[in-house]
Amino acid sequence: MSDRELILSRIRGALNKASRPPSTPPVYEGFTSPLAPATKEMVRMFRKEAEAQDVKVHEASGPPEAGRTLGIILKGLRAKTVFAWSDAVMEHAGIPAALDGLGIRNLTPASGHQGEAPGRAALGNSAALADAGITGADFGLADTGSLVLLSSPKKSRSASLLPPVHIALLPASRILPHLPALLNELPQDPRAALDRGSAVTLITGTSKTADIELTLVRGVHGPGEVHVIIYHSELSDDPERPA
Amino acid sequence: MRVHLFIPCLVDQFRPQAGLGAQRILRSLGIRVDYTPEQICCGQPFYKSGRIKEARMLARKTLQNYRDGRPVVSPSGSCVLMIRRHYEELFPNEPHLLRRSRHLAARIYEFSEFLVRVLGVTDLGASFNGKVTLHDSCQVRRGLGVFQEPRALLSRVTDLDFREMARSDECCGFGGIFSAKYPRIAEAIARDKIENALAAGASIVTGCEISCLLHLERQARRMGAPIRTLHLTEILDGG
Amino acid sequence: MKPCPGRFDSLSRKALEDPHLQEALRGIDERLRAMRDAAFQELPGAEELREQARRIRDHALDHLDTYLERLEENVTRLGGTVHWAEDAASARKLVEELAVSRGVHTVVKGKSMVSEEIGLNDELEAMGLDVVETDLGEYIIQLAHEAPSHIVGPAIHKTRNQIAELFRDKLGAPHMDDPEDIARFARETLRKRFLRADMGITGANFVVASTGAVVLFENEGNIRLSTTLPRLHVAITGIEKVVPTWEDLSVLMQLLPRSATGQKLSTYVSLLMGPRRAGEPDGADEFHLVLLDNGRTNILADEEFRESLRCIRCGACLNTCPVYLKAGGHAYGWVYSGPIGSVLTPQLIQDRRSASTLPYATTLCGACAEVCPVKIDIPRILTGLRRRYAEDPAWGPAPRIERGLFRLAGTILRDRRLYEITGRTARRLRPIFEPRLTASPFPPPAETPFRHMVSAMAKTEKGGKGE
């Protein structure tokens with residue numbers, strides 16, 4: 001018997017089929033989809049929670065101002081190189097142009113043909129060398145101040161991980177109230193997941209450890225400094241009334 | 001009203017005054033108190049050591065001693081918890097004893113619980129001169145949910161200076177057979193408790209469970225700390 | 001590590017004499033525990049959430065076969081491979097074969113209790129692989145050749161000076177005193193390993209049956225690095241870690257970090273669904289999930305103790321346990337320590353008999369059950385384990401002397417006459433034994449027991465009334 005058969009038969013023996021309780025999982029009342037779009041209150045809450053986690057939060061009126069804010073942050077960091085996403089959000093916010101203007105080099109290797117990743121070592125080394133990683137954020141979570149990043153061909157996982165500083169551009173409209181709302185948004189079915197990226201990453205604050213005498217140290221493996229630029233489209237004050 | 005006073009072995013042997021206090025207080029409230037010397041141990045030490053045979057034997061005897069249906073009151077919270085919660089686990093296949101276990105469980109009370117919840121009494125007209133703190137025994141607070149009752153009773157004692165200590169609800173380290181198997185750890189835990197009592201400025205630690213108090217008394221002596229322990233009934237009885 | 005769960009007494013005495021360890025344990029009490037308590041006070045509906053989590057875990061266990069098969073189907077659909085390992089040796093062999101067939105040289109590891117449980121590192125090192133633990137705490141204890149002393153903070157027992165010295169001796173680090181410097185040095189050393197690693201090995205906090213996702217919580221980023229940079233990712237987890245859906249995960253995700261460290265959410269939570277998709281610039285090319293039994297199905301079969309498998313390894317019961325907070329993690333003699341260690345070790349370890357004293361390493365105070373996010377009734381299980389060891393031949397009979405003593409005590413306590421004679425005799429003999437009774441938990445008995453006082457008073461009362 002294979003280990004698989006052995007384990008499954010042990011489980012079936014252990015559970016004695018006849019007396020098993022109902023097979024539908026318990027319902028969680030809190031698993032609700034966000035009924036209303038993001039509100040100013042949620043932005044305020046996101047900011048408060050993220051700042052409590054040592055994240056530097058900036059707000060911008062729209063994508064162009066977000067690009068300018070990014071420029072100011074990078075100047076403040078005296079960054080010479082960055083490792084950035086290359087998705088539409090970056091273009092929209094005019095990031096490539098802004099970087100050119102500042103004389104900052106983007107180390108992100110050009111992606112190859114379909115299915116062909118840039119050399120693993122090259123990618124890792126470039127990301128590790130960059131002064132800052134620049135990404136968008138697919139969602140924000142108001143009640144924990146978290147960023148949610150979905151991987152894709154133009155959205156590397158390394159950009160938010162290897163450089164010492166991570167700067168994320170978050171559209172205010174993408175802020176969800178809480179974690180259950182996020183999991184409700186994600187595809188519930190693996191067939192849909194197959195069309196999406198392989199990784200959903202939630203980032204709440206800076207990389208940290210308390211492994212030495214329970215003393216908090218930031219930036220142990222990942223970025224020790226995280227900036228979020230929230231950029232606004234129109235937001236509703238009233239959760240009942242969409243903007 | 002007429003009740004049984006259950007004086008378990010530890011109170012009997014180590015702190016009889018706690019039993020006498022309980023007896024006097026109940027009588028002063030006009031209650032007729034029966035005591036049967038046939039009743040010794042509820043079986044708790046055996047139950048907790050996995051000696052179910054002996055635990056059953058002693059439980060059977062307890063059920064027999066208190067079969068007349070009257071309320072049972074005891075100044076020992078852990079024994080009350082043993083009878084209230086665990087007796088029925090002992091007789092899953094003996095409907096008769098199971099029924100009697102449940103019946104007894106419904107009418108056995110820890111002393112302060114009986115006074116405050118059943119009789120509705122908090123002011124006993126007692127007086128006691130001293131700085132007192134209360135140790136919330138795990139079996140009493142977590143097990144029986146009794147922690148306001150002793151405080152309510154103490155708050156009405158004239159001249160008593162009550163000092164709440166830090167972590168009053170933390171274990172004292174006794175744990176029955178635990179302290180016999182691992183005495184050094186038991187001591188170290190008790191040390192913290194004594195230090196918390198000292199920090200609160202108390203000179204007396206009281207409570208509703210004699211085993212904790214005896215364990216703490218011993219630790220206080222070991223440390224040479226100016227702390228003694230008194231059962232709640234001893235304080236309410238005037239020390 | 002070589003298990004030694006029977007040495008709680010001697011190891012805990014040693015722990016009491018280690019001032020650094022005692023300081024660290026006080027730190028756990030004052031920080032981790034306090035933060036956990038505060039986090040739960042702030043969480044609205046915390047009790048309902050715990051109850052929901054309990055239901056979810058029980059449901060998953062009641063249908064474990066169904067959910068594991070669903071998980072396998074979905075991981076496979078996503079392009080990953082599922083392996084089943086019935087015991088530790090089988091799991092080690094699986095990983096070993098993967099490493100050989102894929103030409104692996106360097107392995108980076110994220111913190112995984114299961115990998116400690118199966119003793120994976122020794123095996124891989126013996127094969128000549130370069131294996132490095134990358135969680136800072138795990139890295140420290142790997143360098144020191146020690147075992148983790150806490151589920152969440154494995155190196156919590158070591159001081160900064162001990163760590164700095166270790167880094168100097170083993171890595172040629174300069175003299176350091178500041179934890180910041182020590183951490184930076186580790187970051188730089190380990191970053192090089194990450195960049196050249198071929199295989200990343202992690203555990204899994206949860207696996208989600210309906211979506212094939214492996215869920216990993218961390219604060220450092222080393223698990224993300226281990227799963228993002230190497231071309232192979234192997235996740236090893238116990239079969240009990242499966243949850244049905246995202247909906248269920250959303251409950252457990254709220255509870256795990258709060259219970260472990262008092263955080264609303266860990267810094268990084270990764271939901272990994274299969275290997276890198278075509279065109280994605282990073283992530284593993286191959287994803288393997290190893291599902292480990294290693295005694296878990298025995299626990300499942302045991303209705304009295306089945307709920308032990310609800311455990312999500314948050315460590316809250318350690319942080320609140322008065323005994324753990326004095327004895328430290330090593331006293332428990334195996335990978336799982338604290339109250340849940342005393343529950344799991346006797347049930348998981350090969351030589352059950354060797355762990356017979358662990359269920360006694362508790363005062364049964366109940367603090368653990370109050371904080372457990374999945375409401376495991378730890379005191380009940382520990383009492384049950386004591387009974388197994390005392391009564392069940394399959395667990396090994398208790399020492400004959402002990403059995404005899406309990407029988408004798410039972411006989412005395414049920415017979416009033418015997419009890420009273422014993423009391424009198426003990427009082428007479430006490431002066432002889434007193435000097436030797438240093439470990440006795442109690443002060444000396446009263447001169448006269450209650451029962452004799454009462455009968456004496458009754459006589460006086462009767463006499464007084466002239467009856």
Please go through the range B:105-119 and pick out each residue that is surrounded by fewer than 21 Cβ atoms within 10 Å (Cβ to Cβ), in a helix (DSSP H, G or I) and of a type in the set (A, V, I, L, M).
B:105, B:116, B:118
Among the residues of the range B:153-188, write down those that are within 9 Å of another protein chain (Cβ to nearest Cβ), free of Cβ contacts under 8 Å to residues at least 40 places away in the same chain and in contact with a Lys or Arg (Cβ under 6 Å, 6 or more places away or on another chain).
B:169, B:184, B:185, B:188
Modelled with pLDDT of 95 or more and surrounded by fewer than 24 Cβ atoms within 10 Å (Cβ to Cβ): which single residue out of C:321, C:311 fits that description?
C:311
Answer residue from the range C:100-156, given it is surrounded by fewer than 22 Cβ atoms within 10 Å (Cβ to Cβ) and among the small types (Gly, Ala, Ser) and is nearest to residue C:22 (Cα to Cα) among those
C:147
From C:276, C:231, C:306, which residue is surrounded by 24 or more Cβ atoms within 10 Å (Cβ to Cβ), over 30 Å from residue C:21 (Cα atoms) and either within 16 Å of the chain's Cα centre (by Cα) or within 9 Å of chain A (Cβ to nearest Cβ) (or both)?
C:276
Could you go through the range C:395-408 and let me know if any residue there is in contact with a Lys or Arg (Cβ under 8 Å, 6 or more places away or on another chain) and on the phi > 0 side of the Ramachandran plot.
yes
State whether the residues of the range A:193-203 include one that is crowded, with 24+ Cβ neighbours inside 10 Å, facing another protein chain (nearest Cβ under 7 Å) and either charged (D, E, K, R) or part of a loop (DSSP other than H, G, I, E, B) (or both).
yes
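Select, from C:390, C:394, C:367, C:446, the only residue that is within 22 Å of residue C:351 (Cβ to Cβ) and surrounded by 13 or more Cβ atoms within 10 Å (Cβ to Cβ).
On the way: C:394 fails: surrounded by 13 or more Cβ atoms within 10 Å (Cβ to Cβ); C:367 fails: within 22 Å of residue C:351 (Cβ to Cβ); C:446 fails: within 22 Å of residue C:351 (Cβ to Cβ).
Exactly one of C:390, C:394, C:367, C:446 is within 22 Å of residue C:351 (Cβ to Cβ) and surrounded by 13 or more Cβ atoms within 10 Å (Cβ to Cβ), namely C:390.
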Looking across the range C:100-122 at residues that are among the aliphatic types (A, V, I, L, M) and not in a helix (DSSP H, G or I), the single one that is nearest to the other protein chains (Cβ to nearest Cβ) is C:108
Determine, yes or no, whether residue B:146 is part of a loop (DSSP other than H, G, I, E, B) and buried (at least 16 other Cβ atoms within 10 Å of the Cβ).
yes
Just need a number here: residues in the range A:1-48 that are part of a helix (DSSP H, G or I) and modelled with pLDDT of 80 or more.
22
In the range C:2-35, which residue that is of a type in the set (A, V, I, L, M) and in contact with a helix residue (DSSP H, G or I) (Cβ under 7 Å, 6 or more places away or on another chain) is nearest to the other protein chains (Cβ to nearest Cβ)?
C:16
Restricting the search to the range A:3-45, which residues are of a type in the set (S, T, N, Q), farther than 21 Å from residue C:248 by Cα and either within 7 Å of chain C (Cβ to nearest Cβ) or surrounded by 13 or more Cβ atoms within 10 Å (Cβ to Cβ) (or both)?
A:9, A:39
Strands (runs of 3 or more DSSP E) wholly inside the range A:75-185 containing at least 1 residues that are within 14 Å of chain C (Cβ to nearest Cβ) and hydrophobic (A, V, I, L, M, F, W, C):
A:81-84, A:139-141, A:146-150, A:165-171
Matching residues, the range A:1-60, being within 30 Å of residue A:222 (Cα to Cα) and in contact with a Phe, Trp or Tyr (Cβ under 7 Å, 6 or more places away or on another chain):
A:60
Given the criteria aromatic (Phe, Trp, Tyr) and within 11 Å of another protein chain (Cβ to nearest Cβ), does residue C:206 qualify?
no
Among the residues of the range B:207-219, are any among the charged types (D, E, K, R) and either free of Cβ contacts under 8 Å to residues at least 40 places away in the same chain or surrounded by fewer than 23 Cβ atoms within 10 Å (Cβ to Cβ) (or both)?
yes
In the range C:69-99, how many residues are at the interface with another protein chain (Cβ under 9 Å from one of its Cβ atoms), in contact with a helix residue (DSSP H, G or I) (Cβ under 6 Å, 6 or more places away or on another chain), assigned to a helix (DSSP H, G or I) and buried (at least 18 other Cβ atoms within 10 Å of the Cβ)?
2
Mind listing whichever residues of the range C:339-368 are away from every other protein chain (no Cβ under 13 Å) and either under 11 Å from the mean Cα position of the chain (by Cα) or farther than 30 Å from residue C:89 by Cα (or both)?
C:340, C:341, C:343, C:344, C:345
Pairs, please: C-beta under 9 Å, at least 6 apart or cross-chain, first residue closer than 12 Å to residue B:61 by Cβ and modelled with pLDDT of 90 or more and in the range C:396-425, second aromatic (Phe, Trp, Tyr) and surrounded by 13 or more Cβ atoms within 10 Å (Cβ to Cβ)?
C:410/B:46; C:413/B:46; C:413/C:419
Looking only at the range C:160-195, and only at residues there that are outside any helix (DSSP H, G or I) and surrounded by fewer than 16 Cβ atoms within 10 Å (Cβ to Cβ), the one that is nearest to the other protein chains (Cβ to nearest Cβ)
C:178
Read through the list (1) outside any helix (DSSP H, G or I); (2) in contact with a Pro (Cβ under 8 Å, 6 or more places away or on another chain); (3) within 13 Å of another protein chain (Cβ to nearest Cβ); (4) buried (at least 20 other Cβ atoms within 10 Å of the Cβ), then give the number of the only condition that residue C:53 fails.
(1)
For the range A:207-221, which positions are touching a strand residue (DSSP E or B) at 6+ places or on another chain (Cβ under 6 Å) and facing chain C (nearest Cβ under 7 Å)?
A:208, A:209, A:217, A:220
Take the residues in the range C:28-50 that are among the small types (Gly, Ala, Ser) and out of contact with any Phe, Trp or Tyr (no Cβ under 6 Å at 6 or more places or on another chain); name whichever of them is surrounded by the most Cβ atoms within 10 Å (Cβ to Cβ).
C:39
I'd like to check something: does the range B:215-225 contain any residue that is away from every other protein chain (no Cβ under 12 Å), over 20 Å from the mean Cα position of the chain (by Cα) and either at positive phi or part of a loop (DSSP other than H, G, I, E, B) (or both)?
yes
Might you check whether a residue that is closer than 30 Å to residue C:188 by Cα, surrounded by fewer than 24 Cβ atoms within 10 Å (Cβ to Cβ), more than 18 Å from the chain's Cα centre (by Cα) and modelled with pLDDT of 95 or more occurs anywhere in the range C:234-252?
no
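The values are calculated or read from the model by the stated rules, or taken from the named source; none is laboratory data. What you see is a predicted model, and the numbers here were worked out from it, not measured in a lab. Here the Cβ is made from the backbone with ideal geometry for all residues, glycine too, and neighbour counts use every protein chain on show.
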